[in-house]
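A.B. asks: Once you've had a glance at the structure underneath, I'll fire off some questions.
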Amino acid sequence: MMPDPLFAVRDRVVVVTGGGGKLGGQFARALLARGAKVVVFDAADAATVRGRYADQAADAALRCFQVDVTSRDSITAALHRVEDEWGVPSGLINAAAIDAPPDAPPEENGPFETYPAASFDRIMAVNVKGTMLCCQAIGETMAKAGRGSIVNICSTYGLVSPDQSLYDYRRERGETFYKPVTYSASKSAILNLTRYLATYWGRQGVRVNTLTPGGVFANQERDFLEGYAKRTPMGRMAHEDEMNGGVIFLLSDASSYMTGANLVIDGGWTAW
Ligand SMILES: NC(=O)c1ccc[n+]([C@@H]2O[C@H](COP(=O)([O-])OP(=O)(O)OC[C@H]3O[C@@H](n4cnc5c(N)ncnc54)[C@H](O)[C@@H]3O)[C@@H](O)[C@H]2O)c1
C-alpha cells in the first residue's frame with residue numbers, strides 16, 4: 001500500500017527533545033519508520049541514547065546530541081551541526097521534561113505548604129524555559145525558512161489539577177505523598193507559550209501546537225493502576241505508542257490549517 005501523502009513526513013528533519021526518554025523515543029521511532037530524519041536532543045550521553053535505537057534500521061537518518069535544553073548555547077551548538085548536515089529543521093517536538101519521581105524524598109512529594117522553592121525553579125527551568133529556548137532557537141530558523149511545525153508536549157495535569165485522591169492509598173500506608181505542584185504549573189505554561197508563538201509566527205509559515213497526553217502505562221503499582229482506570233472513561237492508561245498518531249498528524253500537512261491548538265489524547269480523563 002502507498003503511504004498516505006497527507007500524513008507524509010518523509011525526508012523532513014525533525015528535532016525531538018527528550019528523545020532519550022519514553023515518549024520522545026516513541027516519537028523518534030514513529031518518525032524514523034516513516035522516513036523522516038530525526039535529531040535527538042537529550043541531556044543524557046549521546047552514545048547511550050543512540051544505543052537505545054540499536055533496533056532501528058534507519059541508522060543513517062538518526063543523529064543524537066547531548067543537549068541541555070536550559071542552555072541556549074548548548075541548543076545553538078547542536079542546531080548548527082544539524083543545519084550544516086541536513087539544513088533547517090522543519091519539525092520540532094519539545095518532549096524533554098522532568099518531574100519529581102514517585103520515590104523522591106518526602107519534602108519533594110509532600111504537602112504543598114512545605115514544598116521547596118528550589119524544586120520549583122529546577123522543574124520550571126527544564127519544562128518551561130527549556131521549551132521556550134528550543135522554540136526560540138529552532139523556531140527562528142524555521143520562520144526565516146518560511147515553514148515549520150512545532151509540537152509542545154503538555155500533560156493532562158497541565159489542563160486540570162492532579163486528583164490527589166488517586167494517591168490516597170499512599171497516605172493510607174503512612175506516606176505524606178501529594179502529587180507536587182510544579183509539574184502542573186509548568187505544563188499549563190506550555191499551553192499559552194504555544195498560543196503566543198502560534199500567533200507570533202502565524203504569517204511566517206511556522207505552526208505551533210500542543211499535544212496533551214494522558215498517563216502512560218509503565219508498570220505502576222496495582223493500586224495506582226486501578227485508581228487511574230476508574231477515573232478514566234476508557235478505563236485504562238495509554239500505551240506508550242498511542243500519542244504517535246497525533247504527533248505525525250501535527251508535523252505533517254494533514255494539520256496544515258491548525259495552529260495554537262491543543263490536541264488532547266487522554267482516554268477521556270479531562271472529559272468529565
Ligand atoms: N509518561 C507519561 O505518562 C506522560 C504523560 C503526560 C505527559 N508526558 C510528557 O511527555 C514528555 C515525555 O515524557 P516521558 O514519560 O517520555 O519522560 P522521560 O523521563 O522518559 O523522558 C524525558 C527525557 O528528557 C530528558 N531531559 C531531562 N532534562 C533535560 C534537559 N535539561 N535537557 C535535555 N533533555 C532533558 C531526559 O534525559 C529524558 O530522556 C514530557 O514532556 C512529559 O511531561 C508524559
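A.B. asks: For residues in the range 1-43 being among the basic types (Lys, Arg) and in contact with a Leu (Cβ under 9 Å, 6 or more places away or on another chain), which is surrounded by the most Cβ atoms within 10 Å (Cβ to Cβ)?
C.D. replies: Kept after step one, since they are among the basic types (Lys, Arg), are these residues of the range 1-43: 10, 12, 22, 29, 34, 37.
The next check asks that each one be in contact with a Leu (Cβ under 9 Å, 6 or more places away or on another chain); those that pass are 12, 37.
Values: Arg12: 21, Lys37: 25.
Per the criteria, the residue is Lys37.
Residues checked against (1) loosely packed, with under 15 Cβ neighbours inside 10 Å; (2) aromatic (Phe, Trp, Tyr); (3) within 27 Å of Ser255 (Cβ to Cβ); (4) over 22 Å from the mean Cα position of the chain (by Cα):
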site: Pro111; (1), (2), (3), (4): yes, no, no, yes
site: Tyr115; (1), (2), (3), (4): no, yes, no, yes
site: Phe120; (1), (2), (3), (4): no, yes, no, no
site: Met124; (1), (2), (3), (4): no, no, no, no
site: Cys134; (1), (2), (3), (4): no, no, yes, no
site: Ala143; (1), (2), (3), (4): no, no, yes, no
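A.B. asks: Scanning the range 28-44 for residues that are of a type in the set (Gly, Ala, Ser) and in contact with a helix residue (DSSP H, G or I) (Cβ under 8 Å, 6 or more places away or on another chain), which turns out farthest from the ligand (Cβ to nearest atom)?
C.D. replies: Only one residue tops the list, namely Gly35.
A.B. asks: Would you check if Leu79 is within 16 Å of the ligand (Cβ to nearest atom), of a type outside the set (Asp, Glu) and over 15 Å from Ala137 (Cα atoms)?
C.D. replies: In short, no.
A.B. asks: Now a separate question. From the list Ala254, Ala218, Ala271, pick out the single residue that is farther than 15 Å from Ile150 by Cβ, exposed (fewer than 14 other Cβ atoms within 10 Å of the Cβ) and in contact (Cβ under 8 Å) with a residue 40 or more places away in the chain.
C.D. replies: The match here is Ala218.
A.B. asks: Still on this model: Can you list the helices (runs of 4 or more DSSP H) found entirely within the range 118-230 that contain at least 2 residues being among the acidic types (Asp, Glu) and more than 10 Å from the ligand (Cβ to nearest atom)?
C.D. replies: Hits in the range 118-230: 168-172, 222-230.
A.B. asks: If you check Gly205, Gly174, which single one turns out to be on the phi > 0 side of the Ramachandran plot and modelled with pLDDT of 95 or more?
C.D. replies: Of Gly205, Gly174, the one residue that is on the phi > 0 side of the Ramachandran plot and modelled with pLDDT of 95 or more is Gly205.
The values are calculated or read from the model by the stated rules, or taken from the named source; none is laboratory data. Note that this is a predicted model, so its numbers are computed, not measured. Glycine gets a Cβ as well: all are built from the backbone with ideal geometry, and neighbour counts include every protein chain shown.
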